[in-house]
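Scroll down for the structure; my scribbles are underneath it.
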Amino acid sequence: MMKNSMVVAAVFALVSSPSALATGDVGKGQEIAAGACAGCHNPDGNSIIPINPNLAGQHAEYLVKQLMDFKAGGDQTPNRNSPVMAAMVAPLTQEDMENVAAFYAAQTPVSTGNANNNEDMLEKGEILYHGGNIDNGVPACASCHGPTGTGIPPHYPVLAGQHAEYTYTQLDLFNKRKRTNDDGVMQKVLTRMSGAEKRAVSEYIQSMETR
Ligand code: HEC
Ligand code: HEC
């Protein structure tokens with residue numbers, strides 16, 4: 001028992017050290033996550049329901065940015081429009097957001113693999129992810145999200161292992177300019193991508209090993 005709590009304390013110390021990305025307090029973040037977020041994102045951020053994104057192991061800076069973007073300032077519309085998440089972030093201060101982001105960033109993402117047995121689709125998605133499509137000018141996802149899907153903090157989020165359904169929805173929202181908090185970067189990527197390509201790359205992303 002004693003030994004276990006010492007291990008936990010050591011992990012927390014590591015996460016809150018100045019060299020780690022997280023500036024938030026993991027312990028305080030866990031309290032928020034367990035109370036308001038676990039019902040949809042699961043206690044450790046590995047969500048089970050495919051429309052709710054996995055948050056475990058995501059970069060803290062990216063998470064804080066999303067939480068801020070969900071929040072409407074005064075009578076402005078939020079940069080990222082989600083009625084569900086707008087209600088969730090309404091009571092959170094910026095410090096709360098940093099804490100909860102630090103908590104999720106410190107959790108281990110779980111690979112669920114992909115039950116989709118359509119090998120052709122997964123292969124098409126893999127080729128697109130790593131090499132893009134020269135014919136219609138779609139850039140390789142790997143150039144910004146990394147060859148293993150771990151992203152590059154602070155701007156480029158982790159994608160590996162994310163639910164295909166969530167990813168596909170986001171690609172569609174970026175494309176239709178219903179999610180605009182990417183400063184047009186993802187929109188440019190998606191303009192010439194077909195629906196089948198979006199589906200294939202989303203399925204491939206879910207099949208990628210988390211790390
Ligand atoms: C009722 C279900 C529900 C609850 C409760 C909930 N979320 Fe979410 N969350 C969602 C859904 C659905 C999305 C996707 C929103 C979209 O883009 O349409 C999301 C998206 C997010 C994202 C963006 C992730 C990404 O990869 O861009 C973050 C961060 C997040 N939620 C954090 C939280 C936190 C922190 C809490 C608790 C304070 C919370 N959520 C509570 C359903 C929920
Ligand atoms: C030029 C760089 C760049 C390229 C290339 C790129 N992305 Fe992105 N992507 C971004 C940035 C930046 C964001 C974060 C936007 C934000 O802050 O909300 C993002 C966000 C995303 C998200 C939202 C993640 C989440 O958790 O909500 C998905 C999904 C995504 N990209 C998929 C892809 C796919 C698939 C490709 C290849 C077809 C791709 N991206 C190529 C820069 C890029």
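Okay, residues lined up against (1) buried (at least 19 other Cβ atoms within 10 Å of the Cβ); (2) under 13 Å from the mean Cα position of the chain (by Cα); (3) not assigned by TED's automatic domain parsing to the domain that holds Lys124:
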{"position": "Pro153", "(1), (2), (3)": "no, yes, no"}
{"position": "Lys178", "(1), (2), (3)": "no, no, no"}
{"position": "Lys188", "(1), (2), (3)": "no, no, no"}
{"position": "Met193", "(1), (2), (3)": "yes, no, no"}
{"position": "Glu203", "(1), (2), (3)": "yes, no, no"}
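Can you confirm whether the stretch 92-103 contains a residue that is touching a residue at least 40 places away in the same chain (Cβ under 8 Å), surrounded by fewer than 16 Cβ atoms within 10 Å (Cβ to Cβ) and away from ligand 1 (no atom under 12 Å from the Cβ)?
yes
Going through Gly45, Gly29 one at a time, which residue ends up being under 24 Å from Pro154 (Cβ atoms), within 16 Å of ligand 2 (Cβ to nearest atom), at pLDDT 50 or above and touching a helix residue (DSSP H, G or I) at 6+ places or on another chain (Cβ under 9 Å)?
Gly45
Anything in the stretch 166-211 that is within 9 Å of ligand 2 (Cβ to nearest atom) and among the basic types (Lys, Arg)? List them, or say none.
Passing the criteria: Arg179, Lys188, Lys198.
When the residues of the stretch 170-211 are filtered to those that are among the acidic types (Asp, Glu) and out of contact with any helix residue (DSSP H, G or I) (no Cβ under 9 Å at 6 or more places or on another chain), which remaining residue is nearest to Asp69 (Cα to Cα)?
The residue in question is Asp183.
Please find, within the stretch 108-123, the residue that is modelled with the lowest pLDDT out of those that are under 22 Å from Ser47 (Cβ atoms) and within 15 Å of ligand 2 (Cβ to nearest atom).
Only one residue fits best here, namely Asn114.
Quickly run through the stretch 155-165 and pick out the residues that are buried (at least 18 other Cβ atoms within 10 Å of the Cβ) and more than 7 Å from ligand 2 (Cβ to nearest atom).
Val158, Ala160, Gly161, His163, Ala164
Restricting attention to the stretch 123-143, does a residue exist that is free of Cβ contacts under 8 Å to residues at least 60 places away in the same chain and within 24 Å of Ser82 (Cα to Cα)?
no
Among the residues of the stretch 102-121, write down those that are assigned to a helix (DSSP H, G or I) and within 26 Å of Tyr62 (Cβ to Cβ).
Ala102, Phe103, Tyr104, Ala105
Given the conditions (1) loosely packed, with under 13 Cβ neighbours inside 10 Å; (2) touching a strand residue (DSSP E or B) at 6+ places or on another chain (Cβ under 7 Å); (3) among the charged types (D, E, K, R), which single one is not true for Asp69?
Result: Asp69 fails condition (1) only.
Condition first: farther than 23 Å from His59 by Cα, at pLDDT below 95 and of a type in the set (Lys, Arg). Now tell me which residues in the stretch 189-211 satisfy that.
Arg192
The values are calculated or read from the model by the stated rules, or taken from the named source; none is laboratory data. Treat the numbers as computed from the prediction; the structure is a model and nothing was measured. Don't worry about glycine lacking a Cβ; one is built from the backbone with ideal geometry, like all the others, and counts go over all protein chains shown.
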